[in-house]
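> Let me give you the structure first, and then I'll get to my questions.
The values are calculated or read from the model by the stated rules, or taken from the named source; none is laboratory data. Just so we're clear, the structure is a prediction, and the values are computed from it rather than from any experiment. Quick reminder, even Gly has a Cβ in these numbers, built from the backbone with ideal geometry, and neighbours come from all protein chains shown.
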Amino acid sequence: EAGVTQFPSHSVIEKGQTVTLRCDPISGHDNLYWYRRVMGKEIKFLLHFVKESKQDESGMPNNRFLAERTGGTYSTLKVQPAELEDSGVYFCASSHLSGNNEQFFGPGTRLTVL
Amino acid sequence: AQSVTQLDSQVPVFEEAPVELRCNYSSSVSVYLFWYVQYPNQGLQLLLKYLSGSTLVESINGFEAEFNKSQTSFHLRKPSVHISDTAEYFCAVSASYGKLTFGQGTILTVHP
């Protein structure tokens, strides 16, 4: 069984540009989560999808961030326009809809905004 | 709302020595508790979890953690560490089948 995959693994962009991160969850996992770790800080929750619906987006920092999960499969997280403070590692995780909330994490995308 | 505090940002230890990584949490509701580990250049992996039942939980590689409700703690312990245990360890809580709230992480470095 393939794990959670994320693309790209690294992205370096300039302030004001747009970047789109992609997450492919484990097949059959209806829950999909995005988290972010800014350097030196803790990993923070961004949002939670159940299938294609946003269950909780309380952690999204501002309206420059747009997450989608069309069809309830893979998800994208777009940052437009990117700012310096958006730099960090973006993690995606997925889990079964029922069960014990064991979330399986992807390797993360390291975003650097110059 | 929940919060998690990992009291040590870095823990250096010699191989075969015991180690304890501390984690305290705050929550107004019952929570599930987790320890995740991130080895160098890898993603986060679940190490162990407490959902209910026995307050002492164990992992397959010798780590254990004990849920202490009165002290709101979930410290991680291992009686004898290996070089391969060098990693960053994250304590996390969840109030339901939803988002995880993480601590700041503890970097465990095992020296030969």
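> Which residue pairs have Cβ atoms under 6 Å apart, sit 6 or more places apart or on different chains, and have a first residue in segment A:35-48 that is facing chain B (nearest Cβ under 8 Å) and surrounded by 21 or more Cβ atoms within 10 Å (Cβ to Cβ) and a second that is among the acidic types (Asp, Glu) and not in a strand (DSSP E or B)?
Nothing qualifies.
Yes/no matrix, rows are residues, columns are (1) crowded, with 21+ Cβ neighbours inside 10 Å; (2) at pLDDT below 90:
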position	(1), (2)
B:Ser84	no, no
B:Val93	yes, no
B:Ser96	no, yes
B:Gly103	yes, no
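> Check whether at least one residue in segment A:49-59 is surrounded by fewer than 18 Cβ atoms within 10 Å (Cβ to Cβ), within 9 Å of another protein chain (Cβ to nearest Cβ) and in contact with a His (Cβ under 8 Å, 6 or more places away or on another chain), and report yes or no.
yes
> Against the conditions (1) surrounded by fewer than 19 Cβ atoms within 10 Å (Cβ to Cβ); (2) away from chain B (no Cβ under 13 Å); (3) at pLDDT 95 or above; (4) not in a loop (DSSP other than H, G, I, E, B), where does A:Leu21 fall short? Just the number, please.
Every condition holds for A:Leu21 apart from (1).
> Condition first: in a strand (DSSP E or B) and surrounded by 14 or more Cβ atoms within 10 Å (Cβ to Cβ). Now tell me which residues in segment A:60-75 satisfy that. Spell out how you get there, then give the answer.
Residues of segment A:60-75 in a strand (DSSP E or B): A:65-68, A:75.
A:Phe65, A:Ala67, A:Glu68, A:Ser75 - these are the residues of segment A:60-75 that are in a strand (DSSP E or B) and surrounded by 14 or more Cβ atoms within 10 Å (Cβ to Cβ).
> A further question on this structure: Inside segment B:95-112, can you point out the residues that are over 18 Å from B:Phe74 (Cβ atoms) and facing another protein chain (nearest Cβ under 7 Å)? Don't jump to the end; show me each part of the working.
To start, the set of residues in segment B:95-112 that are over 18 Å from B:Phe74 (Cβ atoms) comprises B:97-98, B:107, B:109-112.
Of everything in segment B:95-112, those that are over 18 Å from B:Phe74 (Cβ atoms) and facing another protein chain (nearest Cβ under 7 Å) turn out to be B:Tyr97, B:Gly98.
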